[in-house]
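Everything on this sheet refers to the single structure shown next.
The values are calculated or read from the model by the stated rules, or taken from the named source; none is laboratory data. Since we're looking at a predicted model, the values are computed, not measured. So basically every Cβ, Gly included, is an ideal-geometry build from the backbone, and we count neighbours across all protein chains shown.
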């Protein structure tokens, strides 16, 4: 009976770990948020993988604002061309590295940052 309980507990822990792993953006932990509006087309970058497969990224260098309205310029890439006039939340690690981003609605942006983006 104890073996069955232990096995069930292990399965529950593994399932919990898998759910957490899929839902938590670990590359967003310990980051600061900055907000940016896509105002121009990205620069198309083409490269080849070690296997010879061609892949395309788009690079953006734009001013971004934190919740206090402080400005910094960041360079980041996307796997496709981002929608012009879209608002993004950039996740910044160590004050300079963009680890991730997500599109947000204008209403979700803190007031001081939103004022600077207009």
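Scanning segment 71-118 for residues that are in contact with a helix residue (DSSP H, G or I) (Cβ under 9 Å, 6 or more places away or on another chain), surrounded by 15 or more Cβ atoms within 10 Å (Cβ to Cβ) and farther than 21 Å from residue 41 by Cβ gives 91, 93, 99, 100, 109, 114.
The set of residues from segment 40-50 being part of a strand (DSSP E or B) and surrounded by 10 or more Cβ atoms within 10 Å (Cβ to Cβ) comprises 43, 44, 45.
Taken over segment 1-39, residues that are at pLDDT 85 or above and surrounded by 11 or more Cβ atoms within 10 Å (Cβ to Cβ) amount to 8.
Is there a residue in segment 38-54 that is in contact (Cβ under 8 Å) with a residue 40 or more places away in the chain, under 20 Å from residue 108 (Cβ atoms) and in contact with a strand residue (DSSP E or B) (Cβ under 8 Å, 6 or more places away or on another chain)? So far as segment 38-54 goes, yes, one or more of its residues are in contact (Cβ under 8 Å) with a residue 40 or more places away in the chain, under 20 Å from residue 108 (Cβ atoms) and in contact with a strand residue (DSSP E or B) (Cβ under 8 Å, 6 or more places away or on another chain). Taken as a whole, the structure leaves residue 56 outside the set of residues that are part of a strand (DSSP E or B) and closer than 15 Å to residue 98 by Cα.
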